[in-house]
1. Can you tell me the length gained on complete extension of the stretch PHE221 to ILE368, counting 0.36 nm per residue apart and subtracting the Cα distance?
2. Express in % the proportion of alpha carbon pairs of segment 1-82 at distances exceeding 15 Å.
3. Once you wrap a convex hull around the alpha carbon atoms of segment 155-205, what is its projected area averaged over all directions, in nm²?
4. Please give the helix 203-225 orientation as an angle from the longest Cα principal axis of the chain, in degrees from 0 to 90, rounded to the nearest 10.
5. Tell me the mean residue ellipticity at 222 nm calculated for the chain from its helices only (DSSP H runs of n ≥ 4, each -39500 (n - 2.57), averaged over every residue, nearest 500).
6. If you project the alpha carbons of segment 248-391 onto their three principal axes, what span does each projection cover, largest first, in Å?
7. Would you mind checking the pairs LYS399/LYS446; LYS155/LYS200; LYS41/LYS398 and listing those with alpha carbons more than 18 angstrom apart?
8. Sequence gap at least 6, Cα distance under 8 Å: using those rules, report the relative contact order of segment 385-473 to the nearest whole percent.
Amino acid sequence: MQYKTHWFLWGLAAIIWIYIIYRAFSFPITQDEAYSYFLVKTSYWRAMPGSANTHWANTLCMRLLLWLPGPDALWKIRGLPVLCWPLFVVSVFQISGSLRSYAIKGVFLAATLLNPFLIFYFSLARGYAPGFAVQALSIWLLIRVCRQPNQSLQKWLPFFFAAALSVACNFSFFYCFLLFTLLYVLHLLYNGQYRSLLQKAALPWWSLTGSTLLLTTGMLFFIRQRGDLFYGGLDDPIRSILGSLIRYSTYLPYPSIWPVAGAFGLLALLLLASGYHAAAYLQQRRLSPPLLLTVSAVGVLLLCWLLHTLFGTPYLLDRTAFILYLPVVIGLLMTWDERVGRLPAAGWKKGHAGIAILLGMILLANAITAYNPNNFSEWPYQRDTEACLELLQKSDAKKVGMTMWHHGVFHNFYQVEQPGKYHFDYTLLNKDSDLSTFDYLLITRKQENMPAIGKEWKIVAEHTGSGAVVLRRQP
């Protein structure tokens, strides 16, 4: 793709970046971000390795930015994901250059640059967005190395380095790194090139992959032993992982069966595509990007099932499942693009273009439907927490009971970032809490792990968007 002839795409990417920056500056801090901030601000480094909340690249960047003078503004906390958007855009544009059909290019750009779920995480201080950006970079590097006639181990090193860097952003990407490494080694063994792994020139590759595998496995085992590796799905890998991709990418109204039906449809496409490319590989004995992407996606599903069966490891779910979004989208669209190039008649090609244009329009409508600069429907709980805290302060509250959604951000962020500002005592509510000991409650309509609220409690403030409710106990 010649960037100078596609100024519209650069303009669109710049507008989305402005949207991301605005959200990063204005969207209230969330519970997971607050805990990361607390560990960094208090230099509680000893607790970080045992917490699944620690996304190392994001944590280290947050620490660097918080050393800058001035208050602990949200832009310091969310700096890395915001700055990773240009890397993501450049990588996506480079990947789109490998697609020959302009209609399929449009679908790809809409699926990547206009996905509301991806956009949100570029304005949130977590490791997912940096991981997406580096993963896109690794796929671009994969396409480059696969185009070269001489695919020596040294030429594969940049791809594996980028894939390893995504693991440093978030450990969920370890699944992809593990499958990429396994498939590459199997490729060398199948073609009788295993001796290249025993040469001195392979030392950098062994150092990179070996250290990534050992360090990540060790840290995940430590997190599991600490009891913090619990987030995920328990149903099955198809509904948990592929269902998450469908559910959290769809913002248009849909029937209740859509996530399940879409997940199984996606699985069928992945199996067909991976089988098609595997058959081609057996003839050509040459790796291709769609082969690695589709087969690794199927491999991640199998690996998750195996780990869940043997060790009870939860399936990837919701945001963690999105480590497969780019491999699935790019792998399937590259397969589609390859098959279209082999269509014999112009009429068939026009038919495919019509389908692609329709799909692109649906993705655009989906993005427009999800547009909201001040809210994210998948994480609404802390949107109004600060307003509730200000109300409690003005109401001269003495002792406040809080549900986990509000207690987490108050204890880990507001109390640390502005010490001494709030004068009331606070306690995390649970099902055994004695509500008579509080004069105020800060809860959500989604009441979890707390006792029933009696008639003596009066609603003082209620926020419909986030579900935050402030109640005062009557004398």
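Throughout, read-outs are computed from the coordinates displayed, never taken from laboratory work. For clarity, every value in this text was computed on a predicted model and none was experimentally measured.
1. 48.7 nm
2. Considering segment 1-82, 63 percent of its Cα-Cα pairs are separated by more than 15 Å.
3. Computed as one quarter of the Cα hull surface, the answer is 3.5 nm².
4. Roughly 30 degrees, rounded to the nearest 10.
5. That comes out to -18500 deg cm²/dmol.
6. Over segment 248-391, Cα extents along the principal axes are 69, 46, 27 Å.
7. LYS399/LYS446; LYS41/LYS398
8. After rounding, I find 32 percent.
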